[in-house]
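Novice: I have a structure I would like to understand better, so I am pasting it below and will then ask my questions one at a time.
The values are calculated or read from the model by the stated rules, or taken from the named source; none is laboratory data. Keep in mind it's a predicted model, so treat the numbers as computed, not measured. Here the Cβ positions follow ideal geometry from the backbone for every residue, glycine too, while neighbour counts run over all protein chains shown. For the accessible areas, the whole protein counts, side chains as well, though only heavy atoms, and no ligand, DNA or RNA atoms are used. Shrake-Rupley method; radii C 1.70, N 1.55, O 1.52, S 1.80 Å.
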Amino acid sequence: MSEHAAPDLPARETVLLAAFEGWNDAGSAATAALEHLHDVWGAEQVDELDPEEYHDFQVNRPVVGPGPDGTREITWPTTAVAVATTPRSGRQVVLVHGIEPSMRWRRYCSELLDIAAGLGVRTIVTVGALLADVPHTRPIPVNATSEDEEVRELLGLEPNTYEGPTGIVGVLQHEAGVRGLQALSLWAAVPHYVAAPPSPKATLAILHRLEGLLGEPVPLGDLPDDAEAWQHGVDELAGDDSEIGEYVRQLEEAKDTAELPEASGEAIAQEFERYLRRRDKGTGG
């Protein structure tokens, strides 16, 4: 491993990416990232979990609306499992997108992991987003951790030291480790003063981190423009409200002071490598 290169997972290893709406998904950033991957990689749904087993429909209600043929139908809050093959490396990626269940979390995780086993998954990456004291004007932090020492050594990650209430992503990651699967977790920090979805800048940060992890460039479409427009919108909000504006300046100062000692050569090298991967893809290399 180069001292500057961002380590990634073995190229032929099947990876499962999971994100869940609700407590684990500030600004809908994590589920939006998986929806984007589903679209750009042409994923096909292969399975789903019965919502009757896991959801309180008074909390997550079904939705009535016209179906593809115009007939009114009910859409139930379920968890979908889709499979995609990445265009450059040919890696199989399993995408799990659902709503955090209301009940039977252990059974829910067991069913998902049984499906994963049938698809040959060896590594599970849970993706989440949380509200945090970070400024919208700086890069969105995406923290990666793992309870697995082998994974930490392979990818240069920190151990997970969080203590407190957890969501379904924490339970799924733990249960995956119990089964002997490699498991890690990505969390994007969304500025808490702009918590309402969408949060395209955070979604973009998650996709960049997944690019490095999978060694696969992701077509970003309109996301960079959406992220820039989002930031301009929040700039205007901060400009119109002196209290928010002052709070943002305090967050910027704290962030810049914390990062100042880090001569971020590694971050620059990783960004340059990402640029090269995009350039190679654009020229068919």
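Novice: For the range 57-201, what log10 I(q)/I(0) values come out of the Debye formula at q = 0.13 1/Å, with one point per alpha carbon and no solvent?
Specialist: Log10 I(q)/I(0), no solvent term: -0.77.
Novice: Let me ask something else. For the chain, with all protein chains present and a 1.4 Å probe, just round the carbon and sulfur fraction of the accessible area to a whole percent.
Specialist: 51 percent
Novice: Can you send over the solvent-accessible area of Arg104, 1.4 Å probe, protein chains only, in Å² to the nearest 10?
Specialist: Around 110 Å² of this residue is reachable by solvent.
Novice: A further question follows. Just to be sure I understand: if I project the alpha-carbon convex hull of the chain onto a plane and average over all orientations, what area do I get in nm²?
Specialist: Quarter of the Cα hull surface area: 17.3 nm².
Novice: Ok, one more. Which value at 222 nm does the chain reach when only helices count, each DSSP H run of 4 or more adding -39,500 (n - 2.57), with the total divided by all residues and rounded to the nearest 500 deg cm²/dmol?
Specialist: Estimated from H runs of four or more residues: -13000 deg cm²/dmol.
Novice: Write down the accessible area per residue of the chain in Å², having rolled a 1.4 Å probe over the full set of protein chains.
Specialist: 52 Å²
Novice: Using a 1.4 Å probe, how large is the accessible area of Glu44, given in Å² and rounded to the nearest 10?
Specialist: 130 Å²
Novice: Which longest uninterrupted range of the chain lacks any chymotrypsin sites (Phe, Trp or Tyr not before Pro) assigned by DSSP to a loop state (not H, G, I, E or B) and surrounded by at most 12 other Cβ atoms within 10 Å?
Specialist: Here the longest run is 163-285.
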